Amino acid sequence: MRIPLYQVDAFTRRVFGGNPAAICPLEAWLPDATMQAIAAENNLAETAFIVPDGEDFGLRWFTPAVEVDLCGHATLATAHLLLTRLEPARGEVRFQTRSGLLTVKRDGERLVMDFPSRPAAAAPPAPGLLEALGRRPAAVLLSARAKNYLLVYNSADEVRALRPDFAALARIEGHGIIVTAAGSDGVDFVSRYFAAWHGIPEDPVTGSAHCTLTPYWAKRLGKRDLVAQQVSPRRGELFVSERGERVMIGGYCAFYLEGVIEI
């Protein structure tokens, strides 16, 4: 069996920045174990699989270890592939997913995703969480819907300086860890995202985390449209808007690779 394989760097204007995602267009779903094995072999934060579904597409996302309910950067990368390479006459693409209908539209050279809002509320930290991060935050919140902790620090420098104990974070069952602080110089806020439990020690740029970050910072800063930066080593830029029950997440992509998987 020969399966097309593409790789796109999401939330960046240049190759080798942002977050790389693999995309495999299929005619029909493969067995779950096969898709998981392909994702493990690719060894990227996410591998996306798409199948035609009428005028829409079914979309599923796999880390090297598990299938996930929502992934932003791989959705953006998949839309970029469809709208620029495979079906460039389209102005938008609709994905049927485990998180419901997700729409991605063109906005000039930028693409904008319509995602569900996943706000967080104050909560006690999981045992061992603060010790694993090594720095105590100003506030701890939890998005029960996203299963992500949101830890707010007093400065972007603190967020950049974090050197987590990933083995300890991997023991915090089922949860990802968002760390964030206010930004500067045209950036409203910065963040990093750790998902050791899911086999991703640090995700370079995480669209889905901004389903939680956007409502938090929109309320705190008193503005609906914000510029965000994820300050991992690869870095990424996001343009987000709070829209009640939905969050708009915009970004650029850079095409990197086209090939074929043989199994």
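Each reported figure results from applying straightforward, stated rules to the coordinates on display, with no laboratory input. Only a predicted model underlies this, so the values are computations on that prediction, with no experimental measurement involved. Quick reminder, even Gly has a Cβ in these numbers, built from the backbone with ideal geometry, and neighbours come from all protein chains shown.
Descriptive notes on the structure:
- The antiparallel fraction among DSSP beta bridges confined to segment 121-244 stands at about 70%.
- Dipole axis of segment 2-114 (+1 Lys, Arg; -1 Asp, Glu on Cβ), positive-most option in VAL68, LEU83, ASN42: LEU83
- Straight-line cross-link partners of LYS105 among the aspartates and glutamates, defined as a Cα under 12 Å from its Cα and at least 8 positions apart when in the same chain: GLU92, ASP114.
- Only Cα pairs under 8 Å and 6+ residues apart enter the sum, and on that basis the relative contact order of segment 121-244 stands at 19 percent.
- Least to most buried among VAL179, VAL240 (fewest other Cβ within 10 Å first): VAL179, VAL240
- Cβ-placed point charges (K, R +1; D, E -1), dipole of segment 121-244 about Cα centre in debye, nearest 20: 220 debye
- Ordering THR12, PRO25, LEU102 by Cα displacement along the dipole of segment 1-117 toward the positive end leaves THR12 in first place; charges were set at the Cβ atoms of Lys, Arg (+1) and Asp, Glu (-1).
- Among ALA161, ALA79, ALA48, residue whose mean-square fluctuation peaks in a GNM of the chain (springs only between Cα atoms under 10 Å): ALA161
- Alpha-carbon centroids, segment 175-201 and segment 107-133: separation in whole Å: 8 Å
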